[in-house]
Amino acid sequence: MLKVLVGQKAKGAEELKWDSITQDELRSLASTTGLFGGTSTFVLVGVLYSDRGDDFLDLADALVESPHTFIFEEEKLLKAETEALTKAGAKIEITKAAKKEFSFDQYGVAAALATRDKKRMWLGLTLAMRAGEKPEALAGLLAWKARSMRDAGLSREIVSMYHDSHRGAGDLALLLERFALTL
């Protein structure tokens, strides 16, 4: 049996090194049964698009008819290889990668403050707030960066802004945006 896994990993199988095994050795492995009549599962990673990918396509028919299971893990599978494997009778399983949810880049906001890049800092702050980050956490991050830059005036300004917002002098999110644009 021949399986091709795209975007996933095989578990509980013996991994064969494609670079160190010859085509004849693989054909022999596919045609012989186990010592006590059992079957085995073998995994080969990144075979199709290696230097010897054509050798694998030549062996596909023999691997499909084998009593053993051969699993090939690939990152992608192009149309020509998919058609050749389907003709040989291989089972192809494609798993789509799950999209990662956006989380703001806290180091990017801090780096923008360090370089005094108004645009990057403002964009970073607005993206962070849209992603649900609290303005208090952002103010703390900026105050930390200002202290690490040894800029006492900047640090004092950010801390004052934080305290003023809690005294009712304005919304901290708006004060942070105004601060970013007046750097």
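Every number here is computed from the coordinates shown, using simple stated rules; none is lab data. No experiment lies behind these values; they were computed from the predicted model shown. Methodologically, a virtual Cβ is constructed for each residue, glycine included, from the backbone with ideal geometry; neighbour enumeration extends over all protein chains shown.
I need the full set of residues from region 1-38 which are part of a loop (DSSP other than H, G, I, E, B) and among the polar types (S, T, N, Q), in order please.
GLN8, SER20, THR22, THR32, THR33
Search region 161-183 for residues that are on the phi > 0 side of the Ramachandran plot and pair each with any residue that is surrounded by 14 or more Cβ atoms within 10 Å (Cβ to Cβ) when their beta-carbon atoms are under 9 Å apart and the residues are at least 6 apart or on different chains.
Every condition considered, the pairs that remain are GLY170/MET161.
Could you tell me whether ALA180 is farther than 17 Å from ALA111 by Cβ and hydrophobic (A, V, I, L, M, F, W, C)?
No; evaluated as a whole, the condition is false for this residue.
Look at region 51-83 and say how many of its residues are more than 18 Å from THR39 (Cβ to Cβ), crowded, with 18+ Cβ neighbours inside 10 Å and of a type in the set (Gly, Ala, Ser).
Within region 51-83, residues that are more than 18 Å from THR39 (Cβ to Cβ), crowded, with 18+ Cβ neighbours inside 10 Å and of a type in the set (Gly, Ala, Ser) number 1.
Are there strands (runs of 3 or more DSSP E) fully within region 39-111 with at least 1 residues that are of a type outside the set (D, E, K, R) and over 25 Å from the mean Cα position of the chain (by Cα)? List them.
In region 39-111, 41-45, 69-74 are the strands (runs of 3 or more DSSP E) which contain 1 or more residues that are of a type outside the set (D, E, K, R) and over 25 Å from the mean Cα position of the chain (by Cα).
Could you list, in sequence order, all residues of region 137-156 that are closer than 18 Å to GLY124 by Cβ and over 34 Å from the mean Cα position of the chain (by Cα)?
Listed by number, the list holds a single entry, LEU154.
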